[in-house]
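Report on one structure; see the data block that follows.
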Amino acid sequence: MERTLSIIKPDAVKKNLIGDITKKFADEGFRIVAMKMIHMSKREAQGFYYVHTKRPFFDSLTDFMSSGPCVVMALEREDAIAKNREIMGATNPAEAAEGTFRKMYADNIEQNAVHGSDAPETAKFEIGYFFSGLEQF
Ligand code: IDP
Ligand code: MG
């Protein structure tokens, strides 16, 4: 079993997609082991995306991520990290496969509906960024 961090980003929350997205995770065999709705401050969004500090889109990305509430979840499944990346689709919705969250729901490469950890070390950091041990089931 492996755990990954998922975020339903502010664009998808605004579109009322929380139910559709969590249903798909259940259908794909993920167990939600932690979950909450939060509205990140700019500083909290910068901390979450610190690996992208030097990227040209960092300021705009962290404005977007702090623009409204999002849903953060820790998900558990066999091969959770890769499976979540698969059902999310490519970062740019124009390149995302049919049926993926980003193909179905994303507006553009920045406002792209969902986040998913990309490796075991990042999953550990990202889950710990939002959830204490007591909040994980
Ligand atoms: P990922 O979310 O598919 O792992 P990353 O490269 O880690 O993609 O980028 C993190 C987030 O930054 C993306 O999900 C997207 O919201 C935003 N982003 C990535 N590339 C660009 C870009 O070229 N322009 C604007 N925003 C971007
Ligand atoms: Mg990434």
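The stretch between Ile18 and Asp79, if pulled fully straight at 0.36 nm per residue, gains 19.7 nm over its current Cα-Cα span.
Order of 131-137, 89-95 by packing, highest average Cβ count within 10 Å first? Walk me through the numbers on the way to the answer.
Numbers: 131-137: 11.3, 89-95: 15.4.
Per-residue mean Cβ counts within 10 Å order the peptides as 89-95, 131-137.
When every alpha-carbon pair in the chain is counted, what percent end up more than 23 Å apart? Walk me through the intermediate numbers first.
Numbers: 2469 of 9316 pairs.
Result for the distance tail: 27 percent.
If only the Cβ of Lys and Arg carry +1 and only the Cβ of Asp and Glu carry -1, the dipole of the range 1-97 around its Cα centre is close to 300 debye. Here Asn108 and Leu134 are evaluated by their C-beta separation; at R0 = 35 Å the FRET efficiency comes out at 0.40.
Using mean Cβ contacts within 10 Å as the protection proxy, how do 14-25, 116-127 order, highest first?
On the way: 14-25: 14.8, 116-127: 17.0.
The densest-packed peptide leads the list: 116-127, 14-25.
Calculated mean residue ellipticity at 222 nm for the chain: -10500 deg cm²/dmol, from DSSP H runs with n ≥ 4 weighted as -39500 (n - 2.57), summed, divided by the residue count and rounded to 500.
Among Arg102, Arg55, Arg85, the largest mean-square fluctuation in a Gaussian network model of the chain, built with springs joining Cα atoms closer than 10 Å, belongs to Arg55.
Since every read-out is calculated from the coordinates, none of them should be taken as a lab result. In this text, all values refer to a predicted model and were calculated from it rather than measured experimentally. So basically every Cβ, Gly included, is an ideal-geometry build from the backbone, and we count neighbours across all protein chains shown.
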